[in-house]
Each structure stands twice: as structure tokens, then as C-alpha cells.
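The values are calculated or read from the model by the stated rules, or taken from the named source; none is laboratory data. Source: prediction; values computed, not measured. Note: ideal-geometry Cβ built from the backbone for every residue, glycine included; neighbour counts use all protein chains shown.
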């Protein structure tokens, strides 16, 4: 019997957020005048009054892992509030197109996408659902 050494995953795509690279990221914002997306001190800041979707523009293929850390700012900012965060990946239009048509940041406008999705709760809610596509029912997650 032989033991295999653990192999560290290779980073294929990584963003250190030194700048907000609009060639890789596209924001769709429900209230663009009252909201902002950018970087500060190596962190992505999504300061939004309502719905915001931030798309990573490179198509991921094969097996991959998506990692991030979320921190909710509750200071004195006009948009500081607890809010759910919905994460989509593997998105495509239901007509099969991988070129996503622009949307407006309102969560319901993404219902027509085929996608993997997880809803991360806020405040007293819990990460309640995971959905493998726009055409299937939500899958409740255990506490």
C-alpha cells in the first residue's frame, strides 16, 4: 500500500483586487445611482441599495472550486444593511447561448437563466436553498 502526497490545487483564476478589472467583471445594478462596486485595500466592495449582480467574465470549464469570504459592513453608510447573497455559476441562457444578455440586478430577472445557484442567508435567515437550474425546484439545505 502506498500513500499519495496531497497535491495543492493550481490557481487558474484568481483576483487580488488591486484594481477593479472591468475586462473580467461586469456589474448589473438595480439602483446604479445609489450603488457602487469597486475595490479598496485589496477587497471587492459591493455597496448597493438594492439588487446587484457581479459577473466574472471568463467561462469556467471542467472541475472547479469557487471560494470567497463575505463580510457585511454595518457602519453608518447609506446602504449598510444585512441582506441575502445569491451566488450563481455555470450560467447560460435557456436557449443554449453562453453569452448572457444584460439584466438589471433585480433577482427575479435571473429566473430565466439555466444556472447553479446557492442563496446565502442574512440576519435570522439561513442558507436555505441550492438550485441546480432555472427549471428545477429549490433544494433545502439542512441547518
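Here's the yes/no breakdown for (1) in contact with a helix residue (DSSP H, G or I) (Cβ under 6 Å, 6 or more places away or on another chain); (2) surrounded by 12 or more Cβ atoms within 10 Å (Cβ to Cβ); (3) modelled with pLDDT under 90:
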{"position": "12", "(1), (2), (3)": "no, no, yes"}
{"position": "17", "(1), (2), (3)": "no, yes, no"}
{"position": "29", "(1), (2), (3)": "no, yes, no"}
{"position": "32", "(1), (2), (3)": "no, yes, no"}
{"position": "36", "(1), (2), (3)": "no, yes, no"}
{"position": "50", "(1), (2), (3)": "no, yes, no"}
{"position": "68", "(1), (2), (3)": "no, no, yes"}
{"position": "88", "(1), (2), (3)": "no, yes, yes"}
{"position": "98", "(1), (2), (3)": "no, no, yes"}
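Taking region 92-112, which residues are assigned to a helix (DSSP H, G or I) and closer than 20 Å to residue 60 by Cα?
Once the filter is applied, which keeps residues that are assigned to a helix (DSSP H, G or I) and closer than 20 Å to residue 60 by Cα, region 92-112 yields only 110.
Tell me the strands (runs of 3 or more DSSP E) entirely within region 7-70 that contain at least 3 residues that are touching a strand residue (DSSP E or B) at 6+ places or on another chain (Cβ under 6 Å) and farther than 19 Å from residue 117 by Cβ.
On the way: elements: 25-29, 36-40, 43-47, 52-56.
Because the criterion is at least 3 residues that are touching a strand residue (DSSP E or B) at 6+ places or on another chain (Cβ under 6 Å) and farther than 19 Å from residue 117 by Cβ, the strands (runs of 3 or more DSSP E) in region 7-70 that meet it are 36-40.
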